[in-house]
Amino acid sequence: LTYAKAARRLRSALLPKVKTVVPVDTETGLLPTGVRKYFEGIGDSEFAAMVTAGEISGGETKVDPNSNLITGDKVLKVSFTVVPTGTINEIKGSINLKTNL
């Protein structure tokens, strides 16, 4: 559920940006580093909002540097990792009691 929500948010945030004209390297057709970092920043901002909302513990976006937008499938390959939040079911511990303080 958390993974699906993160994927939806990432897709919703990136889709309007990639549907515009994007500069590419004239020789390779690959995205320049600055554009890749821009897209990664958009995704990371979405994950930061999810962290603030308490939905996840963290997340990171990675854009494949070999995404070719001129030839082939013309697909922007994006991967991400999400660290979910956890719950504590039980707290265990021990204490030492002394008769004298």
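The values are calculated or read from the model by the stated rules, or taken from the named source; none is laboratory data. Note that the structure is predicted; figures quoted are calculated from it, not measured. Heads up, the Cβs are rebuilt from the backbone with ideal geometry, glycines too, and the neighbour counts pull from every protein chain shown. With ligands, DNA and RNA removed, areas are computed over all heavy atoms of the protein, side chains included. Shrake-Rupley method; radii C 1.70, N 1.55, O 1.52, S 1.80 Å.
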Quiz item: Of the numbered conditions (1) in a loop (DSSP other than H, G, I, E, B); (2) closer than 20 Å to ARG11 by Cβ, THR28 satisfies every one except a single condition; which is it?
Solution: (2)
Practice problem: Would you be able to tell me the number of residues in the stretch 1-28 that are over 12 Å from LEU76 (Cβ atoms) and open to solvent by less than 50 Å² (accessible area, probe 1.4 Å)? | Solution: 4
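For the stretch 52-78, enumerate the residues that are outside any strand (DSSP E or B) and open to solvent by 60 Å² or more (accessible area, probe 1.4 Å).
Of the stretch 52-78, the ones outside any strand (DSSP E or B) are 52-55, 64-67, 69-77.
Listed by number, the residues that qualify are THR52, ALA53, PRO65, ASN66, ILE70, THR71, GLY72, ASP73, LYS74, VAL75, LYS77.
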Exercise. Might you check whether a residue that is on the phi > 0 side of the Ramachandran plot, basic (Lys, Arg) and in contact with a strand residue (DSSP E or B) (Cβ under 9 Å, 6 or more places away or on another chain) occurs anywhere in the stretch 70-80?
Key: yes
Quiz item: When both residues are 6+ apart or on different chains and their Cβ atoms are under 6 Å apart, which pairs have a first residue that lies in the stretch 32-45 and is within 11 Å of THR61 (Cβ to Cβ), and a second that is of a type in the set (S, T, N, Q) and open to solvent by less than 40 Å² (accessible area, probe 1.4 Å)?
Solution: GLU40/THR61; GLY43/THR61; ASP44/THR61
Quiz item: What about THR52, is it over 29 Å from GLY86 (Cβ atoms) and hydroxyl-bearing (Ser, Thr, Tyr)?
Solution: no
